[in-house]
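**Student:** Pasting in a structure now, in structure tokens, and then I'll have a few things to ask.
The values are calculated or read from the model by the stated rules, or taken from the named source; none is laboratory data. All of these numbers come straight from a predicted model, not from anything done at the bench. Glycine also receives a Cβ, built like all others from the backbone with ideal geometry; neighbour counts cover every protein chain displayed. Note: accessible area is taken over every heavy atom of the protein model, side chains too, but ligands, DNA and RNA are not part of it. Shrake-Rupley method; radii C 1.70, N 1.55, O 1.52, S 1.80 Å.
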Amino acid sequence: MTDVLTADDPLYEELYDVRREAEAVGNFIDVDVMPRLHALRAQAPVHKGRVRDLLGLPGHDRHARAVGRQHYTALTYEACEAGFRDPETFSNRVQGHDNPAGEITMGILEMDPPMHRAYRRTIQPKFLMPEALDWWRRRTIDGIIERLIERMARGDRADLNLDFCARIPVYTITTAIGLDGDDALRFRHAYLNSTSSSRNVTMADRIANGRIVEDLLLGLIAARRAEPQDDLISFLLQSRLMVPGQEPRPLTDREIMTHAKLVMVAGGGTSWRQMGITLFALLTHRDQFAAVKADRALLDDAIEEGLRWNPTAPYFYRMVMRDVEFHGHHIPEGSVLELCLGPANRDPARWDHPDAFDIHRPRLTNMAFGLGTHRCLGMNVARVEIARGITALMDNFPDLRLDPDAPAPFMTGGLEQQGVSGLPVLLR
Ligand code: HEM
């Protein structure tokens, strides 16, 4: 059997190219919008209009449910925090895909309390410390990293984006769910092609790919029901849904499948891009890289600073559920509030010289994982993946540095998801 983790599979290049991903979704931009965002924030914490229009960028409709509505854009830390922490006024129901069956397509991401809490509790124990540290590391992350290091150690050069960052999260999530690691790329490819965000995929392809995803997951659920194992699907089969005022009950197969799909999509791309951003920051700030190598206790600071400096997913939407006075605006019910957590992470009211990557700055909570009700379920897993990955690179390749003969890496992608163009390095 081929080993997809370490094989030279062209699907890695197809699926893990930040620019190509943005072009396929239709939101690629090639300008640095941060100076303009600083100027807008200096004028007002909240603006009427879509952030894209305020920045003069071409339109891109991320959520079908947001189309045709009045938009407002929150740019300061304070305004974004208020949006994240008030789910009754600012609802996540904007995130789902409408469909004839009225099905919840994005699982807990599109639910509001109290249903959100009930469903989140059926999966959350597998993501809380110390499970994130022990179970995920033991079950998946450490073994994956070891095999990738072994593969890279056979040569003198690598592209850490494709050879390392891309491979860890997709394999971690796929095997944690219970699928065979060799299904990892096939599953991600099919899943991305089944969602409506890819422009280059026909409706027939979408339906066919949606079937591949569902067949794989429903087959896995049936197999684990017959014979449980140490994985997320077996855990979800044991979980009980406790909705206030209702009898506790097991999750249905579709509910388990929805959880699994969300975890696959939310965890398969974000950690890849964020690990690349952290490595990019360190490799281009050699003094800070040396400081982390010498004192590994600084690695957590470096990861948090990378998340603050350039979070891979910098914009999230909310649906406004009632008329509300918000930072100088009367926002009518039915509007959409854009929470610009990327710009909020560079709010000069909270951080000095906010555009600089500086691992020595005082650590304050940043918004890369959101805040409040929907705060990232997988944030501890992501932190462990990134920390274990960078530790292994530093341990095994003490002379790791950018390849001076290769094109210099830079930040790229779309407004809604960003990452690094590549990470060509010399290993020794
Ligand atoms: C560095 C990597 C990651 C970043 C920057 C990130 C970011 C985020 C953000 C900002 C949210 C909140 C969305 C909102 O408020 O509407 C979120 C939610 C979520 N994330 Fe992550 N994420 C990362 C990694 C992961 C991983 C590895 C997993 C799974 C293993 C994951 C699973 C989820 C899930 C399930 C939710 C929905 C939580 C809810 O609605 O209650 N994420 N993530």
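**Student:** Within the stretch 352-371, identify whether any single residue is modelled with pLDDT of 95 or more, open to solvent by less than 10 Å² (accessible area, probe 1.4 Å) and charged (D, E, K, R), and answer yes or no.
**Tutor:** no
**Student:** For the stretch 231-247, indicate whether the set of residues that are out of contact with any Asp or Glu (no Cβ under 8 Å at 6 or more places or on another chain), closer than 30 Å to residue 397 by Cβ, at pLDDT 95 or above and open to solvent by less than 40 Å² (accessible area, probe 1.4 Å) is non-empty.
**Tutor:** Among the residues of the stretch 231-247, not one is out of contact with any Asp or Glu (no Cβ under 8 Å at 6 or more places or on another chain), closer than 30 Å to residue 397 by Cβ, at pLDDT 95 or above and open to solvent by less than 40 Å² (accessible area, probe 1.4 Å), which makes the answer no.
**Student:** Condition test on residue 379, is it modelled with pLDDT of 95 or more and within 23 Å of residue 339 (Cβ to Cβ)?
**Tutor:** yes
**Student:** Another question, then. Take residue 273 and tell me if it is at pLDDT 90 or above, buried (at least 20 other Cβ atoms within 10 Å of the Cβ) and charged (D, E, K, R).
**Tutor:** yes
**Student:** Next question, about the same structure. Which pairs turn up if I take residues in the stretch 237-259 that are more than 15 Å from residue 120 (Cα to Cα) and look for partners that are open to solvent by less than 30 Å² (accessible area, probe 1.4 Å) with beta carbon separation below 8 Å, at least 6 apart in sequence or on another chain?
**Tutor:** Within 8 Å, the pairs are 253/221.
**Student:** Please return the ranges of strands (runs of 3 or more DSSP E) entirely within the stretch 318-419 where 2 or more residues are within 15 Å of the ligand (Cβ to nearest atom).
**Tutor:** By residue number, 336-340, 411-413.
**Student:** Right, next: Would you mind stating whether residue 221 is away from the ligand (no atom under 16 Å from the Cβ), at pLDDT 95 or above and either crowded, with 19+ Cβ neighbours inside 10 Å or under 24 Å from the mean Cα position of the chain (by Cα) (or both)?
**Tutor:** Yes.
**Student:** Residue check, residue 201 against (1) over 26 Å from residue 277 (Cβ atoms); (2) assigned to a helix (DSSP H, G or I); (3) of a type in the set (A, V, I, L, M), all met but one. Which one?
**Tutor:** (2)
**Student:** I need the helices (runs of 4 or more DSSP H) fully contained in the stretch 83-157, keeping only those with at least 3 residues that are at negative phi and at pLDDT 95 or above.
**Tutor:** 115-123, 142-152
**Student:** Condition first: open to solvent by less than 10 Å² (accessible area, probe 1.4 Å) and in a loop (DSSP other than H, G, I, E, B). Now tell me which residues in the stretch 280-311 satisfy that.
**Tutor:** Selection gives 311 alone.
**Student:** Are any residues in the stretch 319-346 open to solvent by 10 Å² or more (accessible area, probe 1.4 Å) and touching a helix residue (DSSP H, G or I) at 6+ places or on another chain (Cβ under 6 Å), and if so, which ones?
**Tutor:** Once the filter is applied, which keeps residues that are open to solvent by 10 Å² or more (accessible area, probe 1.4 Å) and touching a helix residue (DSSP H, G or I) at 6+ places or on another chain (Cβ under 6 Å), the stretch 319-346 yields 319, 327.
**Student:** So for the stretch 78-87 (the condition being over 30 Å from residue 396 (Cβ atoms), out of contact with any strand residue (DSSP E or B) (no Cβ under 8 Å at 6 or more places or on another chain) and more than 16 Å from the ligand (Cβ to nearest atom)), does at least one residue qualify?
**Tutor:** yes
**Student:** Let me ask another. Checking the structure you have, find out if any residue of the stretch 86-97 is out of contact with any Phe, Trp or Tyr (no Cβ under 6 Å at 6 or more places or on another chain) and more than 15 Å from residue 319 (Cβ to Cβ).
**Tutor:** no
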